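This report refers to the structure that appears directly beneath it.
Only the coordinates and a few stated rules stand behind these numbers; no lab work does. Note that this is a predicted model, so its numbers are computed, not measured. Cβ placement follows ideal geometry from the backbone for every residue including glycine, while neighbour counts extend to all protein chains displayed.
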Amino acid sequence: MDFGPGAVGFYELKILNGVGAIVATSGLQNLMPSAAYMNYNLMVNVPAYGAAPNDVYAAFIEINVAAAAFDGSIAIGFVDDVEVNGTTVPAPASLAFAGVLGLIGLRRRR
């Protein structure tokens with residue numbers, strides 16, 4: 001990122017469900033000007049994976065870089081190697097249901 005005086009940069013990770021509705025967002029995050037390669041890591045929580053429209057998700061990264069409103073101000077940004085990883089976490093209700101099934105199974109066994 002190359003920012004001149006007064007220039008700013010922001011990014012935001014948005015997660016969309018199967019109908020294109022935004023179901024999670026990281027909120028605006030600052031881009032730090034640097035001549036070196038930078039890593040940015042975010043974590044957002046999305047609704048439990050299940051029936052439509054939450055049966056598929058898409059990640060959308062919005063990047064805004066703006067120069068100041070005077071001569072000589074610059075703002076340049078380059079992006080590469082974007083990686084989005086997801087981890088499925090069971091919903092609390094699913095865990096409770098599994099626990100109840102386990103208790104029923106133990107009771108029948110005795």
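Three semi-axes describe the equivalent ellipsoid of region 17-91; taken as square roots of 5 times the Cα gyration tensor eigenvalues and ordered largest first, they are 33, 14, 10 Å. Computed from the Cβ-Cβ distance with R0 of 30 Å, the FRET efficiency linking Val8 to Ala59 stands at 0.80.
Which FRET efficiency value, to the nearest 0.05, is calculated for Ile76 and Met43 with the Förster distance at 41 angstrom and r the Cβ-Cβ distance? Calculated value: 0.90.
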